Amino acid sequence: MQQFEYVHPQLFWLLALLPLLVLWYLWKRKQQTAALKISSIKGFKTGKNWLARLKPLLFVLRLLALAAIIVAMARPRTVDESTKIKTTKGIDIVVAIDVSASMLARDLKPNRLEALKTVAARFINARPNDRIGIVEYAGESYTKTPLTSDKGIVLSALKSIQYNTVIEGGTAIGMGLATAVNRLKESRAKSKIIILMTDGENNSGFIDPKIASELAVEFGIKVYTIGLGSNGMALSPIGIRPDGGFQYGMQQVRIDEKLLQEIAEVTKGQYFRATSTSKLNEIYDEINKLEKTDIEEFKYKNYDEKYRPLVLLALVLLGLEWLLRYTVFRSFV
């Protein structure tokens, strides 16, 4: 972006001298003008009277030259600034999402899964310099998308996540965590983190969550755990209707907070409880602040000095003033 600036703008105060010079010139001209009373000036009229009236032009030329010199001394110039941003140490992040039927509970609006997807999308958009992958799990787990810096792919994969009957039912927290660890174990990023979200208790899968936590520690992976769901009772799926849809009823919210806290503690992460969509937003904002990406910013400035034309103009004006003074106005000097 190109900008215009003056290196020494304080020198513009010198322009305040110009009105004083004009007053001094008028006073001096008056002092040098003699008065003589005669009955007629008919015999004194010559063709050079108009030159006498134009003599102040010499002073005007000198004044303009002085003004040009003052502006030139202020060093006007244009600055063309460009910025180059380089990510020096990015972060690799895997988001592990519980997609069991209980994620359709409506204590978060419109339901836990959709609220999570909306907030996670905002988080992903806020991490332009990091690689992100997605793992989804219920009674089993699989990689939805591997680590990638292409946010379009990640957001598209996130949007497509929904409850389905293809994946085995249940909540295999250990499986979800182990799959996320597997995606990060060969990463060379300076920081590797997993955001593990669930709304229930570990009740399926063949990998113990504590074993998965130890794997995370071995590979230097930090785990942030989030428990989704309000306190008390929540409107949740309790059965299947004849038309294939879910029948809803009030159920007690059960989240294994102790397990989630242990996972976070052993991996040097942090546990959060999201009882509402706004709280979930706050949690993601907090994680965003905790995990900073190192960025180097290089600024390049190209200066184009504009004082030279002003100096040239001042020299031309002074040269013209000198030429007129000793040619056309010679007899009046």
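Tabulated results
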{"item": "For the range 52-70 and the range 243-316, distance of Cα centres in Å", "result": "62"}
{"item": "Of Lys117/Lys190; Lys151/Lys279; Lys117/Lys144; Lys185/Lys210; Lys192/Lys299; Lys210/Lys268, those spanning more than 19 Å from alpha-carbon to alpha-carbon", "result": "Lys117/Lys190; Lys151/Lys279; Lys192/Lys299"}
{"item": "Peptide ranges 312-325, 15-28, 218-231 listed from the most packed, as the mean C-beta count within 10 angstrom indicates", "result": "218-231, 312-325, 15-28"}
{"item": "10 Å-binned pair-distance histogram of the range 121-162 (Cα, whole percent)", "result": "30, 54, 15, 1"}
{"item": "Relative contact order (percent, whole number), the chain, Cα cutoff 8 Å, 6+ residue spacing", "result": "24"}
{"item": "Helix-only [θ]222 nm of the chain, DSSP H runs n ≥ 4, -39500 (n - 2.57) each, per residue, nearest 500", "result": "-12500 deg cm²/dmol"}
{"item": "Relative counts (whole %) of C-alpha pair distances in the range 92-291, using bins that are 10 Å wide", "result": "9, 39, 39, 11, 2, 0"}
{"item": "Dipole of the range 92-291, positive direction: furthest Cα of Gln261, Gly220, Met233, with charges on the beta-carbon", "result": "Gly220"}
{"item": "Size of electric dipole in the chain: Cβ of Lys, Arg +1 and of Asp, Glu -1, about Cα centre, debye, nearest 20", "result": "4200"}
{"item": "Unit charges at the beta carbon, dipole of the chain: most positive-side option, Met73, Asn281, Gly200", "result": "Met73"}
{"item": "Whichever aspartates and glutamates have a C-alpha closer than 19 Å to that of Lys55, once near sequence neighbours (fewer than 8 apart) are set aside", "result": "Glu321"}
{"item": "Average projected area [Cα convex hull, the range 59-160], square nanometres", "result": "12.6"}
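All of the numbers you see were taken from the coordinates with simple rules; none came from a lab. Just so it is clear, the model here is predicted, and its values are computed rather than measured. Cβ: placed from backbone, ideal geometry, glycine included. Neighbour counts: every protein chain shown.
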